[in-house]
1. Mean separation of Cα pairs under 8 Å and 6+ residues apart, divided by the residue count of segment 5-51: what relative contact order is that in percent?
2. Report relative contact order for segment 43-201 in percent, whole number only (criteria: Cα-Cα under 8 Å, sequence separation at least 6).
3. If I take R0 = 41 Å and measure r between the Cβ atoms of ARG233 and GLU178 in this structure, what FRET efficiency does the formula 1/(1 + (r/R0)^6) give, to the nearest 0.05?
4. Using only the alpha-carbon atoms of segment 159-316 as identical scatterers, what base-10 log of I(q)/I(0) does the Debye formula give at q = 0.10 Å⁻¹?
5. Using Cα positions and a limit of under 24 Å, work out the lysines in reach of LYS241, with same-chain residues fewer than 8 apart set aside.
6. Any chance you could get the radius of gyration and Dmax over the Cα atoms of the chain, in Å?
7. Express the carbon and sulfur contribution to the solvent-accessible surface of the chain as a percent, rounded to the nearest whole number, probe 1.4 angstrom.
8. Counting pairs of alpha carbon atoms under 8 Å apart in space and at least six apart in sequence, what relative contact order in percent does the chain give?
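The values are calculated or read from the model by the stated rules, or taken from the named source; none is laboratory data. The structure displayed is predicted, hence computed values, not measured ones. Please note: Cβ atoms are built from the backbone with ideal geometry, for glycine as well, and neighbour counts cover all protein chains shown. With ligands, DNA and RNA removed, areas are computed over all heavy atoms of the protein, side chains included. Shrake-Rupley method; radii C 1.70, N 1.55, O 1.52, S 1.80 Å.
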Amino acid sequence: QEERGEVSTKEHSDLLSSLPKHKGFFAHPLRMYKGFWVHENMLPRVMALQDHFKPRPSDLILVTQPKSGTTWLKALLFAIMNRTNYTFAQHPLLTRNPHACVLFLEVPFRHRFPDLEAIPPPRLLATHLPYSILPSSVADCGCRLVYLCRDPKDVVVSLWHFAQKLKPDTMGLSEAFELFCDGFSFSGPIWDHMLEYWRESLRRSEKVLFLKYEEMMTEPVGNVRRLAEFVGRPFSEEEEKDGVVEEIVQLCSFEKLSNMEVNKKGVYEVGETTVPHESFFRKGKVGDWANHLSREMGEALDRIVQEKLAGSGLTF
Ligand code: A3P
C-alpha cells in the first residue's frame, strides 16, 4: 500500500470502519468523512494526503464535482500553461487524454498514485475533494485553485450515464436521482461542495476562481482569457493577434477532443477499474437533463439546490 502512496495506518483503518456507510452510484460504498461522502476505497489515500501532501505556492489545483467538466478544464489549463512548450500541430492533447496530462491527487493513474513530489513546478493537479478535506496546508500555502461547477441536474444525468458505462444495469436513473438528491454521491452533497469553494472564492478571490460550465460554454474565449489571467499567464498582444486563445478553445472543444483517436479508443486504468476514455465524452451539452429527467424531477432538484444555496449569492 505504501508503495502506491496510501500509507495506511492502524489509526486510519479503525477510523474508516467506524464511519457511516451508504450505497453510492459505483461499486464501492460511500463513507461519511468530515461531512462528505467519499468512496471507501479512496479513503486511505485521502487520509494519507492529509498527512503527507505538501502543497507549493506555485501549485494550481483544479477542483470539480465528478461530471462537471473536469476533463475539459484539465485540457484547457494544460493548454494554457504549456502554450509556449508545444505547437498546436504537435500538441500532447492530440495523442494523450487530458487525464493523462493532469493527474488527480486522490485517484491512481495506471495503477499507481502519482509521486507528487516528483512533478516539476508549477504543478498542475486535480481533485474532486471538498475544500474541508483538502489538507489545511493548501489554504495556508496560498496556491491557486480553479473550481468548475455545473447545473446539478446535468451532473446527475451525466454521472448516471458514466456509471452505466462502467457497469451497465446496476441502477436505474430514478434510483440514482434519489441518491443524488439525498446527497449520496462522490464528494456529495454537491451543494455543500459548491458552497465551500464559492465562499472561499469570495473570501480569497485572487487565489480561488469559481467558474460555471454553462458560462464557459456560452463564452469560452472570454473564460480562457480569464483563466490565463488568473494563473498569472495572461495572453500577450501578439498571442491575441495570432489567435492563440481561439486555438486553445478549439483544441479543447468537445468536438475536437471527442473525435481524437486516443479519446475514442484508449482506456484510463483506475485501480482495478478500467475506464474507457470515450466515457468522458458523452454529449457535452447544457440542459441535456431534460431528455432524461421529468419536469417534476428537475423542479424537485432545483428546489433542493435553491434551498441549500439560499443566501449565499450562488444560483443556477
Ligand atoms: P455529459 O455527460 O453531459 O455529456 P467530467 O470531465 O467531469 O467527467 O465531466 C464529463 C462531462 O463533461 C460529460 O458531460 C462530457 O460529455 C462533458 N465534456 C467532456 N469534454 C468536454 C469538452 N471538451 N467540452 C464540454 N464538455 C465536455
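1. Numbers: 50 pairs, mean separation 20.6, N = 47.
That works out to 44 percent.
2. On the way: 171 pairs, mean separation 55.9, N = 159.
With pairs under 8 Å counted, the relative contact order is 35 percent.
3. Working: r = 43 Å, r/R0 = 1.06.
So, using R0 = 41 Å, E works out to roughly 0.40.
4. So the normalised log intensities are -0.52.
5. Qualifying lysines at Cα under 24 Å: LYS256.
6. 18.9, 59
7. Details: 7320 of 14320 Å².
The value for the chain is 51 percent carbon and sulfur by accessible area.
8. Details: 439 pairs, mean separation 72.0, N = 316.
Here the relative contact order equals 23 percent.
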